[in-house]
Amino acid sequence: MTEAFLQYVWQHQLMCQDKLFTTSNEQIQVVKIGTFNSNAGPDFLNAKIKIGETLWAGDVEIHIKSSDWNTHGHQLQKSYNSVILHVVAIHDKEICTENGTQIPTLIIPILPHVKNNFTTFANMNGKINCNNHIQTIDSSRIALFLERLVAERFEEKAAHISELFGNTNNDWEETFYQLLARNFGVKQNQEGFELLAKSLPQRIIAKHKGNLLQVEALFFGQANLWTNNADEYEQSLKKEYQFLQKKYGLSPISPTWWKFARMRPSSFPTIRIAQFAKLVNSSQSLTSKILNCANYEDLKSLLYCSTSVYWEHHYTFGTISTKHSAQIGESMLEILVINAIIPFLFAYGKAHHNDELCQRAYEILLSLPPEKNRIVNQWNACGIPTKSALETQGLLQLFNSYCTQGNCVHCSIGHIVLNKKI
């Protein structure tokens, strides 16, 4: 049992209405539940409750146990003097407001099937609590909820990008540069790439565009990925970096940020850094061009790049491998577009009140194939098919913000399942 669940029961009045009595046996009639309060103060404001023959107007506070009132210090807080009803699961103590008024208490009579469903959720070993029931829900309702979740995900990412924008002195070019760099690190090396970009501002890179050797030297030097037995190419990069480091007063990041274990060689940070260096080196006004792209194909043409020839025969410095492609693959392009480009389009559009740009972000996401990862596979196993990246982004938001948080009471799917008489 959680307070969030009890709040949910009160908000949706999922109670046995014939069992609404105070602990002193006065009948209760809920005229108005009140407005849920997500800020400090009582849980539901401006409620109207008839207790016995008297109609009361005020607030409702909800706890698991009556004694939680004192544990939380409400008996000392004037803001709780307006409480007219204390709703609890367990009554273990009479409580009073700061002005000495004893508050009527309701032991909440939860509808049996709602309580049983919640108990089932709480006892599930898996992270998708409703996996045994989700196939019984109308697919159109799930689709609508996923659209809402994508909007929620966009808003969260836009807030992060807005914070990043502020940290770059309101520079959209630098914001995009850092965002793109972070996503070149995919999952394992995101922090490393983000620190790398922050340690090497775009204005420095701009002075050396057109000279890939110098741009690579800057990135690999700042990444601090040198080996002890440098071959000719690494030595040339080191030489360039030593000069540029002194010129700009650069401090490299710690090499401990970089992860190579349990990764395919094509995803090694060395390869990703080489690809990022080539992209940055060969792109002019990349941010402006990204904002003008109409679809995924346009974005691909801007982001598609290879590396210097050296990396077609190496995955790390000094170790020769068989010849391989060092180009950014299709799956990596999709990752960059989904996790960096589309959120940037939305955030930029929102900041500039450009609804067309925000809508374009949705349309590009809808045009992309569904993502393939562990979380999406779990939803597929539950019987939720996916046809586009729009749906998979919604499912990722559902899993991370609701399922893993045990936040079923605020989930539209959880609401349906909790109310089903199974």
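Quick grid of which residues meet (1) in contact (Cβ under 8 Å) with a residue 40 or more places away in the chain; (2) surrounded by fewer than 20 Cβ atoms within 10 Å (Cβ to Cβ); (3) charged (D, E, K, R):
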{"position": "Ala151", "(1), (2), (3)": "no, yes, no"}
{"position": "Thr168", "(1), (2), (3)": "no, yes, no"}
{"position": "Phe193", "(1), (2), (3)": "yes, no, no"}
{"position": "Arg203", "(1), (2), (3)": "no, yes, yes"}
message: One residue is enough: does the range 351-374 have a residue meeting the conditions closer than 21 Å to Ala158 by Cα, of a type in the set (Lys, Arg), part of a helix (DSSP H, G or I) and within 24 Å of the chain's Cα centre (by Cα)?
response: yes
Exception for Cys130 within (1) surrounded by fewer than 17 Cβ atoms within 10 Å (Cβ to Cβ); (2) among the hydrophobic types (A, V, I, L, M, F, W, C); (3) outside any helix (DSSP H, G or I) falls at (1)
In the range 267-294, residues that are under 28 Å from Trp226 (Cβ atoms), part of a helix (DSSP H, G or I) and out of contact with any Asp or Glu (no Cβ under 9 Å at 6 or more places or on another chain) total 10
Checked the range 374-395 for anything closer than 22 Å to Lys187 by Cα, surrounded by fewer than 20 Cβ atoms within 10 Å (Cβ to Cβ) and touching a residue at least 60 places away in the same chain (Cβ under 8 Å); matches are Gln378
Expected output for the range 69-90 (first residue on the phi > 0 side of the Ramachandran plot, partner polar (S, T, N, Q) and outside any strand (DSSP E or B), Cβ below 6 Å, 6+ apart or cross-chain) is none
Of (1) more than 23 Å from Leu333 (Cα to Cα); (2) at pLDDT below 95, Lys209 satisfies every one except (1)
Among (1) under 27 Å from Ser139 (Cβ atoms); (2) surrounded by fewer than 17 Cβ atoms within 10 Å (Cβ to Cβ), Ser282 falls short only on (1)
Scanning the range 340-372 for residues that are within 15 Å of His160 (Cβ to Cβ) and of a type in the set (D, E, K, R) gives Lys350
Q. For the range 306-321, does any single residue satisfy the condition of being closer than 25 Å to Ile204 by Cα, out of contact with any helix residue (DSSP H, G or I) (no Cβ under 7 Å at 6 or more places or on another chain), outside any strand (DSSP E or B) and not β-branched (Val, Ile, Thr)?
A. no
Every listed condition ((1) touching a Leu at 6+ places or on another chain (Cβ under 9 Å); (2) at pLDDT 95 or above; (3) crowded, with 19+ Cβ neighbours inside 10 Å) holds for Val9 save (2)
If you check Ser301 against the conditions, is it under 25 Å from Lys207 (Cβ atoms), modelled with pLDDT under 95 and assigned by TED's automatic domain parsing to the domain that holds Glu232?
no
Of the residues in the range 210-266, those that are assigned to a loop (DSSP other than H, G, I, E, B) and among the aromatic types (Phe, Trp, Tyr) number 3
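For the range 205-240: of the residues being polar (S, T, N, Q) and more than 32 Å from the chain's Cα centre (by Cα), which is surrounded by the fewest Cβ atoms within 10 Å (Cβ to Cβ)?
Applying the filter and picking the extreme gives Asn228.
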Can you confirm whether Glu312 is more than 27 Å from Ser236 (Cα to Cα), out of contact with any Cys (no Cβ under 9 Å at 6 or more places or on another chain), among the acidic types (Asp, Glu) and surrounded by fewer than 17 Cβ atoms within 10 Å (Cβ to Cβ)?
no
Checked Arg148, Arg182 against criteria (basic (Lys, Arg), within 27 Å of Lys387 (Cβ to Cβ) and either assigned to a helix (DSSP H, G or I) or in contact with a Phe, Trp or Tyr (Cβ under 9 Å, 6 or more places away or on another chain) (or both)); the one match is Arg148
Hey, does the range 346-353 have a residue that's within 30 Å of Ser306 (Cβ to Cβ) and among the aliphatic types (A, V, I, L, M)? yes
Quick count over the range 259-279, residues being loosely packed, with under 14 Cβ neighbours inside 10 Å and hydroxyl-bearing (Ser, Thr, Tyr), is 0
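Where in the range 1-75 are there strands (runs of 3 or more DSSP E), lying fully within it, with 1 or more residues that are over 26 Å from Leu418 (Cβ atoms) and of a type in the set (Val, Ile, Thr)? Talk me through it step by step, then tell me what you get.
Details: elements: 28-32, 44-51, 54-65.
In the range 1-75, the matching strands (runs of 3 or more DSSP E) lie at 44-51, 54-65.
The values are calculated or read from the model by the stated rules, or taken from the named source; none is laboratory data. Remember, it's a predicted structure, so these values are computed and weren't measured experimentally. With ideal geometry, Cβ positions are generated from the backbone for all residues, glycine too; neighbour counts draw on all protein chains shown.
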